[in-house]
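Rule-based calculations on the coordinates, nothing more; no lab input. Computed from a predicted structure; not experimentally measured. Here the Cβ positions follow ideal geometry from the backbone for every residue, glycine too, while neighbour counts run over all protein chains shown.
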Number of protein chains: 2
Amino acid sequence: MHKRITVTSDRCSTCMLGDLCLPLGMSQRDRQVLDQIIKERIRLPKGGSLFQAGDAVTAVYGIRSGSIKTQLEDASGQVQITGFLLPGEIVGLDGLLQLRQVSHAVALETTEVCVIRLDEMDGLAPHLPSLQQQFRRLLSKEIGRSQQMTATLALLRSDQRVAAFLLNISQRLAALGYSAEAFVLRMSRAEIGNYLGLTLETVSRWLSRFARDGLIRLQQREVTLLQPQALQQLAGTACD
Amino acid sequence: MHKRITVTSDRCSTCMLGDLCLPLGMSQRDRQVLDQIIKERIRLPKGGSLFQAGDAVTAVYGIRSGSIKTQLEDASGQVQITGFLLPGEIVGLDGLLQLRQVSHAVALETTEVCVIRLDEMDGLAPHLPSLQQQFRRLLSKEIGRSQQMTATLALLRSDQRVAAFLLNISQRLAALGYSAEAFVLRMSRAEIGNYLGLTLETVSRWLSRFARDGLIRLQQREVTLLQPQALQQLAGTACD
DNA sequence: CGTCCGATTGAGGGGGGTCAAGCTGAGTGG
DNA sequence: CCACTCAGCTTGACCCCCCTCAATCGGACG
């Protein structure tokens, strides 16, 4: 389901993602130490699983290219998507509690991730306090992101959730240097709906409505934000 | 708003909470090292603030007795309660990203917390790897808890959310050695509703209905679970 | 050109929000 | 000791938002 690749070039210290990923806030010297930790990448085809619930946790994963969804699943087959992750973001931060994965991570397109082994990280920890602190920040950031999602689900109407979703994707892509206005949704309407606690029909209706009202332009999964400020106003502030 | 107390007795190594709090999985020797980190407690009256959004983060806090709610607030006064925390649980794990609090933490009753200073913790980290790992587990646990909340809001009907809420409180109190069947809700109907993404009327209606159907007994905020297994069946599994 | 999966759009109904009117119990002051 | 107050809770009536069910459409791929 996935292919392991030994890293030979373009390590952390020279990676284009730089501050957008694990090395954030680390000195160039510390980044070169980091290069020694990350020796491997994994390449996933569209639909491929990075890990499944129950797997032993030996590493966390930094997305180098592509995108991944993470979802909780229960015995009855019920699914809840908990995140859509983009390059620079770290996958597998839940699961550190018992060192067992609780989520299922699936590639939404061809995706490459850097393997950050926990044992390597713990081995270097005493010599690299900045890594411990950065890792702690990443965990805390994930808590904040998840709490924000809670506020979105608890406080916003369906149209506000869809608008907030578009803006969130837009801003994260913009931070990566892509266009904030024009982008391609890598996930289906059903996946967006599941993520937002709505049905796919409701998502589709609001996207169509936004397009009809001139807020966005839509061609299948291609989105162009025509009036981002109007979307922002619609989404309001769900405690952010 | 709060009173600082220097710790003179009943430190981590002898605290009754023991494995239910920070020291989980640490050796008795390591716990005695932990005693040196935690030198202070804070006592809060009902309604008192432990910290507010924007405050500098210098510590996280272990609840020793009482209970605390944490909530996100935005400029327009919109509030979203993100958690009700019981003894043994750690407050302030969000906020480590920028070392600024993002939430407002308020005591639901007279509450005492142990101050776990970050600088002390980082100072001892190299000599105490078990603390780093335990702290990482706690952060990961909080991610899992928050994701579970997302699933609850996205997947469950209002009656299922209320049932799941009662069972959650029950189980956490049982883990502390209290009765799983009979307990007092420290928060108002409005706070429960906010937390669950419902109105206080809906919460009240379902509690009344559960009581009328013989699933629980209700006297103001005193709850007795008469048929916990029926509640469990009602709540179903929101991906857990 | 036919098939298929995902997306769109419509019609209808129900779950939960809104608004409003009482109720309850704890605290207060006479 | 008891009326008074007030915040929190309960219960009812109404209605709207979003889900459900269904039909149709559209592009991708053989």
Along the range A:174-181, Karplus-curve 3J(HN,Hα) (6.51, -1.76, 1.60; θ = phi - 60°) to the nearest Hz, with x for Gly and Pro, reads 4, 4, 7, x, 7, 5, 7, 8
Sorted shortest first, the nm distances from the B:Arg100 label point (7 Å along Cα→Cβ) to its counterparts in the other copies are 3.9
Contact order relative to length for chain A, counting C-alpha pairs under 8 Å separated by 6 or more residues, stands in percent at 18
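Regarding the range B:104-145, what is the average projected area of its C-alpha convex hull, in nm²? Walk me through the numbers before you get to the answer.
Working: hull surface 16.6 nm².
If I average the Cα hull's projected area over directions, I get 4.2 nm².
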Shielding of B:92-99 by other chains, given as the mean Cβ count within 10 Å, works out to 6
Rounded to whole angstroms and listed largest first, the alpha-carbon spread of the protein assembly as shown along its three principal axes comes to 56, 54, 41
The orientation-averaged projected area of the Cα convex hull of the range A:3-142, in nm², is 8.1
Most exposed to least, judged by fewest other Cβ atoms within 10 Å, B:Val162, B:Val33, B:Val223 sort to B:Val33, B:Val223, B:Val162
Listing A:Met26, B:Met149 by rising number of other beta-carbon atoms within 10 angstrom, fewest first, gives A:Met26, B:Met149
On each of the three principal axes the extent of the alpha-carbon atoms of the range B:10-88, given in whole Å and largest first, is 49, 23, 22
Mean projected area, convex hull of alpha-carbon positions in the range A:70-131, reported to one decimal in nm², is 5.6
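Calculate the tail of P(r) for the range A:138-196: the fraction of all Cα-Cα distances greater than 14 Å, expressed in %.
I get 63 percent for the Cα pairs in the range A:138-196 exceeding 14 Å.
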Hydrodynamic calc, chain A: Kirkwood Rh from Cα pairs, then Stokes-Einstein at 10 °C with viscosity 1.306 mPa s, so D in µm² s⁻¹ is 84
Taking chain B and counting helices only, DSSP H stretches of n ≥ 4 at -39,500 (n - 2.57) each over all residues, the nearest-500 ellipticity at 222 nm comes to -12000 deg cm²/dmol
Expected max-MSF residue from B:Thr70, B:Thr14, B:Thr152 in the GNM of chain B (alpha carbon, under 10 Å) is B:Thr14
To the nearest 10 degrees, the tilt of helix B:28-37 (Cα long axis) against the first principal axis of the alpha carbons of chain B is 80
With N residues in the range A:156-235, Rg(alpha-carbon) / (2.2 N^0.38 Å) equals 0.98
Connecting every pair of Cα atoms under 10 Å apart in chain B and solving the GNM, the largest mean-square fluctuation among B:Pro23, B:Pro87, B:Pro126 falls on B:Pro126
1/(1 + (r/R0)^6) with r = Cβ-Cβ of B:Ala190 and A:Ser179, R0 = 35 Å, i.e. FRET efficiency to nearest 0.05, evaluates to 0.20
All alpha-carbon distances of the range A:99-224, grouped into 5 Å bins from 0, give the whole-percent distribution 2, 8, 13, 18, 18, 14, 10, 7, 5, 3, 1, 0
